Amino acid sequence: MEQNQDSPVVTMKNVAEKAGVSTATVSRALMNPEKVSAATRHKVEQAVIAVGYSPHSMTRSARRSESRTVLVIVPDICDPFFSEIIRGIEVVAAAEGYLVLIGDCAHQNQQEKSFLNLMLTRQIDGMVLLGSNVPFDTGIEEQRNLPPMVMANEFAPELELPTVHIDNLTAAFEAVNHLQKLGHRRIACISGPEEMPLCQYRQQGYIQALRRHGMTIDPQYIVRGEFTFDAGSQAMKHLMTLPKPPDALFCHSDIIALGAMSQAKNMGLRVPKDLSIIGFDDIELSRYSDPQLTTVAQPRFNIGREAMLLLLEQLQGRMVSNGSRLLDFELKIRGSTAPSLRDEEWPAPARK
């Protein structure tokens, strides 16, 4: 919990007692972690969080005034979706004199230790999570002894963190509804990773839109993959092998949609005449494709901006409720969607 000037100073001895090890072991685990076992290191790290230990007997607020640094955890730094969110964070942070560090979680096992050390040694004042995973093992109780954290883009209610995001379920519903209004009935969904909450919400939006129009949910039309160009391409190949291939695609990201569009063209299909494709995110690349991609536009800069403002409120000692801050999305209708062909006009994809 937050220490004040009258609170007793937490020492390395308190950590040792909590972890059930010697103070020498605690010192090695923090200063030379490679010299202790992974199990011991984990016990010490959890004990540090539990008792609120700060090296050099400095309080959290004292370190905070010196650091002026925040850490942004990105699920995959190579994904262009995150660039505008990070820019929104940095603009607000810079205006308040804060430095932003970027941590890539794509190789979480290698990075987990360094992220945790930054938190434990109070080298950062707070953290913005752009994904749904905290990059180290900590429960709700332990979070009290960590610097403030805010989620941006994702929504994981079990973490009980202040969150800025859009309504992914409604956005997906409207995207699929747009395809239905164009007369499409064989609508496939290329989904992102199942464990990601936003993918679960987008999947529910897809399903609810089909049900609203009395359409059957065909599991063959739902393909899962990563948020990559190749995943979209591979999913497209699979969908075109079905006895009745889809006449429209709802993709969980623009990168997936662009991969699917590229593969569709390779197979001799014309987008949007033979196949309508809709993406999600409105990354810059979506406007450079041929045709331009119809997509759900997220206010990515504002998501980052609002998340950093929430974090600043906490750093300035104000109470922030652990709830959702929903921002508006917009369906951007461009050239990759068009009215459906009649079934008899559906072309056989070229064999390649």
> Cβ under 12 Å from A93's Cβ, A93 left aside: what net charge do those residues give with Lys, Arg +1 and Asp, Glu -1?
Replying inline: 0
> Across the stretch 93-100, in residue order, what do the Karplus-derived ³J(HN,Hα) couplings come to in whole Hz, using 6.51 cos²θ - 1.76 cosθ + 1.60 with θ = phi - 60° and x for Gly and Pro?
Replying inline: 4, 4, 5, 9, x, 9, 8, 10
>> Can you say what percent of the DSSP beta bridges in the stretch 146-252, counting only those with both residues inside, are antiparallel? Round to 5.
In response: 0 percent
>> Tell me the relative contact order for the stretch 163-266 as a rounded percent, counting alpha carbon contacts under 8 Å between residues six or more apart.
In response: 33 percent
> When Lys and Arg each count +1 and Asp and Glu each count -1, what net charge do the other residues less than 14 Å away from Q208, Cβ to Cβ, add up to?
Replying inline: +1
> Which ³J(HN,Hα) values in Hz, rounded to whole numbers, follow from the phi angles of the stretch 159-164 under the Karplus curve 6.51 cos²θ - 1.76 cosθ + 1.60, where θ = phi - 60° and Gly and Pro get x?
Replying inline: 7, 6, 10, x, 9, 10
> Amide H to amide H, which residues 5 or more places from V164 or on other chains are under 5 Å from it, using H placed in the peptide plane?
Replying inline: M151, A152, N153, R325
> Y201 accessible area, nearest 10 Å², 1.4 Å probe?
Replying inline: 80 Å²
> By accessible area of protein heavy atoms, probe 1.4 Å, what ranking do S67, S253 get, highest first?
Replying inline: S67, S253
> Given a 1.4 Å probe and the protein chains all in place, what does the accessible area of D290 round to, in Å² to the nearest 10?
Replying inline: 110 Å²
>> For D104, what residues show an amide H to amide H distance below 5 Å, using hydrogens built from the backbone and excluding near sequence neighbours?
In response: V74
>> Apply the Karplus curve 6.51 cos²θ - 1.76 cosθ + 1.60, θ = phi - 60°, to the phi angles in the stretch 165-180 and return the couplings in whole Hz, x for Gly and Pro.
In response: 6, 9, 7, 5, 5, 5, 4, 5, 4, 5, 5, 5, 4, 4, 5, 5
>> Can you give me the long-range amide H partners of I222? Hydrogens built in the peptide plane at 1.01 Å from N, cutoff under 5 Å, separation of 5 or more residues or another chain.
In response: C189
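The values are calculated or read from the model by the stated rules, or taken from the named source; none is laboratory data. Remember, predicted model here, so these are calculated numbers, not experimental data. For neighbour counting, all protein chains shown are included, and Cβ atoms are generated from backbone atoms with ideal geometry for every residue, glycine included. Please note that ligands, DNA and RNA were not included when accessible areas were found on the heavy atoms of the full protein model with its side chains. Shrake-Rupley method; radii C 1.70, N 1.55, O 1.52, S 1.80 Å.
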